[in-house]
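Heads up: the structure comes next, in structure tokens.
Every read-out reported here was derived from the displayed coordinates using simple, explicitly stated rules and does not represent laboratory data. Since this is a predicted model, take the numbers as computed values, not measurements. As a convention, Cβ positions derive from the backbone with ideal geometry for all residues, glycine included, and neighbour counts pool all protein chains shown.
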Amino acid sequence: MITINSLNKLKQQGEKIAVLTSYDASFAKIAENAGVEVILVGDSLGMVVQGQGSTVPVTMDHMVYHTACVTRGVSKAFVIADMPFMSHASDEQALLNAARLMQEGGAQMVKLEGAAELDLIKKMTAQSIPVCGHLGLLPQSIHQLGGYHVQGKDKQDARKIFLDAEALEEAGAQLLVVECVPAELAKEISKNLKIPVIGIGAGVDVDGQVLVLYDMLGMNSDGLQPRFVKDFLAEAGSIDGAIRAYVQSVKDAAYPGREHSY
Ligand code: KIV
């Protein structure tokens with residue numbers, strides 16, 4: 001059984017953590033059997049499963065449904081579920097919604113985008129709700145950001161992300177995802193924090209990697225592949241083989257290479 005303690009231990013030992021998204025029992029089971037330690041039920045399901053243009057239309061009911069599907073498929077992986085758009089607009093709503101992901105969905109941790117809600121994170125951790133932060137590119141803010149672009153490129157933005165990471169840890173977050181930031185910034189954040197830092201488009205010098213399952217299987221319907229994505233199915237020839245190759249590449253720090261980093 002993978003727990004937050006196992007993940008902390010992996011960081012302390014310098015062993016990379018392999019994280020992959022899944023949205024159903026069958027893929028979650030294959031991922032777990034292939035050595036994936038953490039399954040993220042991401043609201044990316046809005047795009048890859050539902051065919052939406054962004055993660056914004058994903059609702060709490062969708063997240064609870066898919067989280068329950070995933071947790072039925074696994075026996076030892078650590079499962080994190082995304083808090084979708086507007087599910088934490090008030091503290092009370094956030095606490096009740098996070099409880100749904102844990103009680104109805106069976107998640108062990110919930111993930112929240114941004115660092116604007118430090119008091120809420122303190123309240124969640126006080127209620128024994130483990131929280132994963134998410135900094136850098138925040139897909140739920142896509143209509144404010146105006147596009148899926150690398151974040152933290154200039155000194156000021158990089159400093160803000162660095163300080164937000166510290167603040168999230170201080171508020172009680174036990175894991176952090178950093179998305180689409182320069183590799184050097186992600187490296188500094190990972191070195192500075194005690195909690196494991198999981199990167200996506202954030203270079204190799206973090207404590208683990210996460211990819212969207214459909215992306216690493218080359219199932220990219222619009223052909224707009226981000227730089228950091230690698231199609232592991234192309235070489236491996238089977239889904240199980242592709243996920244095993246991903247896990248091995250993460251553990252060996254062979255993925256992401258420079259060509260996948262910013
Ligand atoms: O929703 C998701 O899949 C995510 C990952 C991109 C980290 O948040």
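For this structure, a couple of remarks:
- Flagged links, alpha-carbon separation over 18 Å, of LYS160/LYS191; LYS155/LYS187; LYS122/LYS191; LYS76/LYS187: LYS122/LYS191; LYS76/LYS187
- Relative packing of peptides 34-42, 236-244 - highest average C-beta neighbours within 10 Å first: 34-42, 236-244
- Amide H to amide H, with H built 1.01 Å from N, LEU175 comes under 5 Å of GLY133, counting only residues 5 or more places away or on other chains.
- Given charges at beta-carbon only (K, R positive; D, E negative), |dipole| of the range 4-260 in Debye: 480
- Near HIS149: Cβ cut-off under 15 Å, other residues only, Lys/Arg at +1 and Asp/Glu at -1. The net charge is -1.
- Rounded, prolate or oblate (a/c below 1.5 giving rounded, otherwise prolate when a/b exceeds b/c) for the chain by Cα gyration tensor: rounded
- Candidate lysines - alpha carbon under 21 Å from LYS123, same-chain residues fewer than 8 apart omitted: LYS111, LYS194
- Other-chain or far-sequence residues with amide H under 5 Å of LYS111's (modelled H): ALA81, ASP82, MET83, CYS132
- Projecting the Cα atoms of ILE80, LEU10, GLN52 onto the charge dipole of the chain (Cβ charges, centred on the Cα centre) puts LEU10 farthest toward the positive pole.
- Contact order, relative form, for the chain: 18 percent (alpha carbon pairs under 8 Å, 6 or more residues apart, mean separation divided by residue count).
- Taken about its Cα centre, the range 1-155 carries a charge dipole of about 460 debye when Lys and Arg each add +1 at the Cβ and Asp and Glu each add -1 at the Cβ.
- Here ALA253 and ARG159 are evaluated by their C-beta separation; at R0 = 22 Å the FRET efficiency comes out at 0.25.
- Across the options PRO130, GLY203, ALA245, the greatest Cα extent toward the positive end of the charge dipole of the chain (unit charges at beta carbon of Lys, Arg, Asp, Glu) belongs to ALA245.
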